[in-house]
Amino acid sequence: MRQQNIHQAYAIAKERFAENDIDTEHVLDKLQDFHLSMHCWQADDVTGFETQAGALSGGIQSTGDHPGKARDIDELRMDILKAKSLIPGTHRLNLHEIYGDFQGKVVDRDEVDASYFQTWIEWAKENDTKLDFNSTSFSHPKSGNLSLSNPDKGIRDFWIEHTKRCRDIANAIGEAQGDACIMNLWVHDGCKDASVNHYLYRRLLKESLDEIFAKQQPMMKDSIEGKVFGIGLESFTVGSHDFYTAYAARNNKILTIDTGHYHPTESPADKVSAVLQFVPELMLHVSRPVRWDSDHVTIMDDPTQELFSEIVRADALERVHYGLDFFDGSINRIGAYVIGSRSAQKCMLRALLEPRQEISRLEIAGEGYKVLALLEEQKAMPWQAVYDEFCLRNDVPVGQDFIHEIEQYETTVISKR
Ligand code: RNT
Ligand code: ZN
């Protein structure tokens, strides 16, 4: 009965959208081809599996102590598969270097190699998942306030070596999966208080990056991520948005836009059409800033909707990679994955359902009020019926039904940890 209602609602929505010349079947195909890169670090509050692991540092923090976080690689893989089973479509997994399969061995960051990611490569293959990658400069005794921009050559070289090795790993992953692995580079480097060596730090970061990127790596792509500030590094950030935008434009690198990394009234969405004139591709870290935190679970808020709409309006679907980046330790972590992923997907769906050709035509013809009228009307169009149909076709729970599944998993698995 319920299934029948969903199909019926979809049939009505389909007709309604067709009045605007939107073919919902075509949109559903596009949504099927929309792959998120799910971050592995929501499952364990960015802890990772280093045998020698210390506390989370580098200006990021995961707060809350909801019981049952993944404690080892098996639990993490299981949790991610559970989350994936509740998200329609096929999605990638984004690994940080500290999530290697170290098997109890102490492997320092300048010693890591692809062998520690072999079981991940196999797991990914078995589970029809492509992998992306990140170097990890935080949570390490040598992290301090400065890593790749550290005036101490010994420390700088340590992180350069780490990052070069991470590129080798990403390339090996890319080769194994027959699809380029994107390696994101974010370093926390900054100053807590007033400082005068900004030019020096930025020159050092630029030189470190030049050295790191010197090697050609055909099966991986580099993305670089700036930030407005880190916790404990409030006064200055070496890798600011301007720094990486300029670097990416000059060196043909993918620019990462983390939606939590800008000033409160600055619009990440507005950057899409600006930077895509100069950088080849974008990587998103879809997140949600709240006060000082840049990593709350993604929801369907206006900034997220605007971001996806801008990508579709720029006709840039093929030039954007869709990473997620939030970590909330205060709620059920699988729930966090599912809510964040489905919300990002719904924003993309709404963006795809917009009659943009018609709105664009009206705008260019100077028919201002009609543009506004159509944009306003879109907000109440029955997109939800299309999303429900999408869930049904992908054999995942429709609407809030996923809550029940997470609750069961909480009782039978998570609460036993
Ligand atoms: C930190 C950056 C970065 C991290 C992850 C864990 O502010 O957003 O992307 O969240 O690498
Ligand atoms: Zn990020």
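The values are calculated or read from the model by the stated rules, or taken from the named source; none is laboratory data. Remember, it's a predicted structure, so these values are computed and weren't measured experimentally. Cβ sites come from the backbone with ideal geometry, for glycine too, and all protein chains shown count toward neighbours.
Side notes on the structure shown:
- Only one of the numbered conditions (1) away from ligand 2 (no atom under 13 Å from the Cβ); (2) out of contact with any Phe, Trp or Tyr (no Cβ under 7 Å at 6 or more places or on another chain); (3) more than 30 Å from K69 (Cα to Cα) is not met by Y244, and that is (1).
- Residue match in the stretch 214-225 (condition: in contact with a strand residue (DSSP E or B) (Cβ under 8 Å, 6 or more places away or on another chain) and either among the acidic types (D, E) or over 19 Å from D132 (Cβ atoms) (or both)): yes
- Every listed requirement among (1) within 16 Å of ligand 2 (Cβ to nearest atom); (2) surrounded by 17 or more Cβ atoms within 10 Å (Cβ to Cβ); (3) part of a loop (DSSP other than H, G, I, E, B) is met by H321 save one, (3).
- The set of residues in the stretch 106-118 being part of a loop (DSSP other than H, G, I, E, B) and either touching a strand residue (DSSP E or B) at 6+ places or on another chain (Cβ under 9 Å) or not aliphatic (A, V, I, L, M) (or both) consists of D108, R109, D110, E111, D113.
- Residues of the stretch 68-105 satisfying the condition of being under 14 Å from E410 (Cα atoms) and either among the basic types (K, R) or touching a strand residue (DSSP E or B) at 6+ places or on another chain (Cβ under 9 Å) (or both): K69, I80, K82, A83
- Residues within the stretch 269-282 that are in contact with a Leu (Cβ under 6 Å, 6 or more places away or on another chain) and within 16 Å of ligand 1 (Cβ to nearest atom), tallied: 1
- Hey, P218 touching a residue at least 60 places away in the same chain (Cβ under 8 Å) and surrounded by fewer than 21 Cβ atoms within 10 Å (Cβ to Cβ) or not: no
- The number of residues in the stretch 263-290 that are of a type in the set (A, V, I, L, M, F, W, C) and farther than 17 Å from A248 by Cβ comes to 3.
- Qualifying helices (runs of 4 or more DSSP H) (wholly inside the stretch 332-389; at least 1 residues being touching a Lys or Arg at 6+ places or on another chain (Cβ under 8 Å) and closer than 30 Å to A70 by Cβ): 333-352
- Considering only residues in the stretch 288-320 that are out of contact with any strand residue (DSSP E or B) (no Cβ under 9 Å at 6 or more places or on another chain) and of a type in the set (S, T, N, Q), the one that is nearest to ligand 1 (Cβ to nearest atom) turns out to be Q305.
- Index of the failed condition, L307 passing every other in (1) surrounded by fewer than 22 Cβ atoms within 10 Å (Cβ to Cβ); (2) within 16 Å of ligand 2 (Cβ to nearest atom); (3) under 17 Å from T256 (Cα atoms): (1)
- Out of D293, D302, D270, sole residue that is surrounded by fewer than 21 Cβ atoms within 10 Å (Cβ to Cβ) and either within 16 Å of ligand 2 (Cβ to nearest atom) or within 15 Å of the chain's Cα centre (by Cα) (or both): D293
- Boolean, R156 is closer than 27 Å to E126 by Cα, basic (K, R), buried (at least 19 other Cβ atoms within 10 Å of the Cβ) and away from ligand 1 (no atom under 14 Å from the Cβ): no
- Filtering the stretch 360-376 to residues that are surrounded by 11 or more Cβ atoms within 10 Å (Cβ to Cβ) and within 18 Å of M300 (Cβ to Cβ) leaves only L375.
- Pairs are defined by a Cβ separation below 7 Å, a sequence spacing of at least 6 or placement on different chains, a first member in the stretch 321-333 that is in contact (Cβ under 8 Å) with a residue 60 or more places away in the chain and more than 25 Å from F34 (Cβ to Cβ), and a second member that is within 13 Å of ligand 1 (Cβ to nearest atom) and in a loop (DSSP other than H, G, I, E, B); the pairs so defined are G329/D45; G329/S62.
- Search result, residues across the stretch 125-181 that are under 30 Å from D193 (Cα atoms) and part of a helix (DSSP H, G or I): K153, G154, I155, R156, D157, F158, W159, I160, E161, H162, T163
- Taking first residues from the stretch 7-18 that are surrounded by 16 or more Cβ atoms within 10 Å (Cβ to Cβ) and partners that are in a helix (DSSP H, G or I) and modelled with pLDDT of 95 or more, the Cβ contacts under 6 Å between residues at least 6 apart in sequence or on separate chains come to A9/A385; Y10/A385; Y10/E389; A13/A385; A13/V386; K14/T24; F17/T24.
- Of the residues making up the stretch 193-228, those that are within 16 Å of ligand 2 (Cβ to nearest atom) and of a type in the set (K, R) number 1.
- Among the conditions (1) in contact with a helix residue (DSSP H, G or I) (Cβ under 9 Å, 6 or more places away or on another chain); (2) closer than 18 Å to K84 by Cα, the only one that D395 does not satisfy is (1).
- Check on H285, within 16 Å of ligand 1 (Cβ to nearest atom), of a type outside the set (D, E, K, R), touching a residue at least 40 places away in the same chain (Cβ under 8 Å) and within 18 Å of F243 (Cα to Cα): yes
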